[in-house]
1. At 4 °C and 1.567 mPa s, grab the translational diffusion coefficient of the range 188-321 from Stokes-Einstein with a Kirkwood Rh over Cα pairs, rounded to a whole number in µm² per second.
2. Under a cut-off of 13 Å between alpha-carbon atoms, report the aspartates and glutamates in cross-link reach of Lys21, not counting same-chain residues fewer than 8 places apart.
3. Under 15 Å from the Cβ of Ile304, count the other residues' Cβ atoms, weight Lys and Arg +1, Asp and Glu -1, and hand me the total.
4. Calculate, axis by axis, the spread of Cα positions in the range 166-256 along the three principal axes, and write the results as whole Å, longest axis first.
5. Hey, any idea what Rg/Rh is for the chain, computing Rh the Kirkwood way over Cα pairs?
6. Need one word for the range 20-157: rounded, prolate or oblate. Basis is the Cα gyration tensor (sqrt eigenvalues a ≥ b ≥ c); a/c below 1.5 gives rounded, then a/b vs b/c decides.
7. In which sequence would Arg212, Arg308 go, from the one with the fewest C-beta neighbours within 10 Å to the one with the most?
8. Rank the residues Asp279, Asp269 as a footprinting-exposure proxy: fewest other Cβ atoms within 10 Å of their Cβ go first.
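Taken together, the values in this text are just the output of simple stated rules run on the coordinates, not laboratory data. Keep in mind it's a predicted model, so treat the numbers as computed, not measured. As a convention, Cβ positions derive from the backbone with ideal geometry for all residues, glycine included, and neighbour counts pool all protein chains shown.
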Amino acid sequence: MGSLRAILRHPDDLYPLLKLKYAARNAEKQIPPEPHWGFCYTMLHKVSRSFGLVIQQLDTDLRDAICIFYLVLRALDTVEDDTSIATELKVPILMAFHRHIFDREWHFSCGTKEYRVLMDQFHHVSTAFLELAPGYQDAIEDITMRMGAGMAKFICKEVETTNDYDEYCHYVAGLVGLGLSKLFHASGKEDLATDAMSNSMGLFLQKTNIIRDYLEDINEIPKSRMFWPRQIWSKYVNKLEDLKSQENSVKAVQCLNDMVTNALVHVEDCLKYMSDLRDPAIFRFCAIPQIMAIGTLALCYDNIEVFRGVVKMRRGLTAKIIDRTKTMSDVYGAFYDFSRMLKFKVDDKDPNAGTTKDRLDSILKICRDSGTLNERKSYIIESGPQYNAAIMVAIFFIILAILQAYFAPKRAV
């Protein structure tokens, strides 16, 4: 019912949602028949459905390399995230993970749900990895080695300063940006981007996730995961977990806004990185998550619900972003819209209001100076006719019935 109410409130979400559903079904049909590749692509869609859809449009060799790169790093991340693993066992695994990917027999049981399946059957990932071209293997091994070492370092180290925060995010996400840039270059489709811009692409996504996932991380059992830097949160509370207390609501929101402002510093690099891309499929692959990130920050900013539950985009808006993002003008338009939305929420009484507005003004200027803002539909100002609710419900169920009939298993006559 929640989804239906959302569609009635945003009727222009319906078509992108249906396209997304069709694309998901189509992606499932394209899973390779070989057991190891079949496992890898099935697992990719389970651990990240939206990422799995975007990756499908890439050429086969690059698609396979990025699929394996993603699963290797998800496996590495699963080891790091499992707080039940003793440090003396976890650190050596992280440090040696880049060697395990060459071992068809290696696996390690940890994590939960689909991540445990990934770890238990990691030999499929290793088998697929060994079939990649040497250039792709070298890039994946290098990033896995550096990321594992960085994760091991922060197992034994708290995130104290904003420099620590940037360093941690570099290890767990900035290196992903560097690795993807290497894979794009190895494919012959893109020039090699600078490390600084590649790093910013990863940091912007990672900082958004860390902000959004505060409550999930702080409530982790058996041990909390704390990634917000002490240098920021100690200005507002005595302990990081105090931010979720009702009596600290004002301070919690101020701290949240400080964190969002910190993340915005990476946007200019991200826009430059994306504007330099030449291949349309690689561009969409990079651009869609970045738009999702700025949109998520706009929702999280000044929102106490970050400390009470889950804050995320409605599915229809996600579908709309995936459907609409085709060119750099679409990116400028989306960043302009979400930055305006975020700026509208800035209260001049907030301790960081000046810095937040300065960073948003810089982003808005880049988008305006692109000269492309009139070439797209707004994500904020809904346009078009307002449809009768009963008609929309009827249309929704008719289309849903058609899709179910189309995708239903064919019976033998």
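1. Estimated via Stokes-Einstein, D reaches 81 µm²/s.
2. Straight-distance partners of Lys21: Asp13, Asp323.
3. For residues surrounding Ile304, the net value is -2.
4. 55, 27, 17
5. 0.96
6. It is prolate, given that a/c is not under 1.5 and a/b is the larger ratio.
7. Arg308, Arg212
8. Asp279, Asp269
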